[in-house]
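Visitor: Here's a structure for you.
Nothing in this text is a laboratory measurement; each read-out follows from the coordinates by a stated rule. Predicted model, so just to flag it, every value in this text is computed and none were measured. Ideal geometry is used to build each Cβ from the backbone, glycine not excepted, and the neighbour counts take in all protein chains shown.
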Amino acid sequence: MRFTCKHIGLSIVIDEKLMDELCRLGSEHYPKEYGGLFVGRYVNNNKEVIIKQTVLPKKFKSSASSFERGVEGLRNILAGFLNESPSLIYVGEWHTHPDGRPIPSSTDSSALRTIAAHHQVSIENPLLLIIGVGIEVYEFEFYVLYQNEIHRYELEKKLIDQKVSS
Ligand SMILES: [Zn+2]
């Protein structure tokens, strides 16, 4: 699956299997929020992020409207990914909104700004995936913090779909 934010010229590639896995994890924790981190790599002159894996927190606090992940062990896990070849780095976060729309809350927005300013996982343009989880219904949107503004990505339609519709 490929998502693009034309306005700022950035895109995301994520495997459909990984997306399915995140939705399944979201359903398992429904009606509470759940989430994790993303590791991946930047390609194409840093214009494209390939999301390779999720890293799930060992400890977290969650409710129907909040999710706070612990940081225990994450530094070591991320160091391990960095040593792989090609190395994978922290690229952002994901969490669910049970029975909610995949739109960043004010807490979500400030969390992204905190990540961008944070020294340990310094990353200029952190990604955020929000999955709205209902009963067997999912709705998801990717966002990125870019020059202190939050931008949304659009799912790129596959070529085959465009052919069918034109
Ligand atoms: Zn949220």
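Visitor: Go ahead and run the numbers for FRET between Ile103 and Val71, Cβ-Cβ distance against an R0 of 22 Å, rounding to 0.05. Provide the component values of the computation, followed by the final result.
Guide: Working: r = 26 Å, r/R0 = 1.17.
The computed FRET efficiency comes out at 0.30.
Visitor: Report the residue, chosen from Ile150, Ile77, Ile12, that carries the largest GNM mean-square fluctuation when the chain is represented by alpha-carbon nodes joined by springs under 10 Å.
Guide: Ile77
Visitor: Suppose the chain between Asp20 and Leu155 were pulled fully straight at 0.36 nm per residue; how much longer would it get relative to their current alpha carbon spacing? Spell out each step's value before the answer.
Guide: Working: separation 135, 0.36 × 135 = 48.60 nm, distance 1.53 nm.
Length gained, Asp20 through Leu155: 47.1 nm.
Visitor: Return the percentage of antiparallel bridges among DSSP beta bridges fully within segment 2-165, rounded to the nearest 5 %. It would help to have the intermediate numbers written out before the result.
Guide: Values: 33 of 44 bridges.
The antiparallel proportion sits near 75 percent.
Visitor: Something else about it: What order, most packed first, do the peptides 19-27, 124-132 have when packing is the mean number of other Cβ atoms within 10 Å of each residue? Write out the running numbers ahead of the final one.
Guide: Working: 19-27: 17.0, 124-132: 21.4.
Descending mean neighbour count gives 124-132, 19-27.
Visitor: A follow-up question, please. Using the Cα gyration tensor of segment 2-165, with a ≥ b ≥ c the square roots of its eigenvalues, what is the shape: rounded (a/c below 1.5), prolate (a/b larger than b/c) or oblate (neither)?
Guide: Values: a/c = 1.40, a/b = 1.05, b/c = 1.33.
Since a/c stays below 1.5, the shape of segment 2-165 is classed as rounded.
Visitor: Please list, in chain and number order, the residues 5+ apart from Glu48 or on another chain whose amide H is under 5 Å from its amide H, with Hs placed from the backbone.
Guide: For Glu48, whose amide H was placed from the backbone, the distant partners under 5 Å are Ser11, Val43.
Visitor: Within 10 Å of each residue's Cβ, count the other Cβ atoms and sort Tyr146, Tyr90 from fewest upward. Can you show the working numbers first?
Guide: On the way: Tyr146 17, Tyr90 22.
Placing the least packed residue first, the sequence is Tyr146, Tyr90.
Visitor: Work out the count of Lys pairs in the chain where the Cα-Cα distance is under 27 Å, with the pair 8 or more places apart or on different chains.
Guide: Value for the chain: 25.
Visitor: Could you work out how much longer the chain between Ala64 and Lys47 gets when fully extended? Use 0.36 nm per residue separation minus the Cα distance between them, nm to one decimal. Walk me through the numbers on the way to the answer.
Guide: Details: separation 17, 0.36 × 17 = 6.12 nm, distance 3.45 nm.
Going from the current span to full extension adds 2.7 nm.
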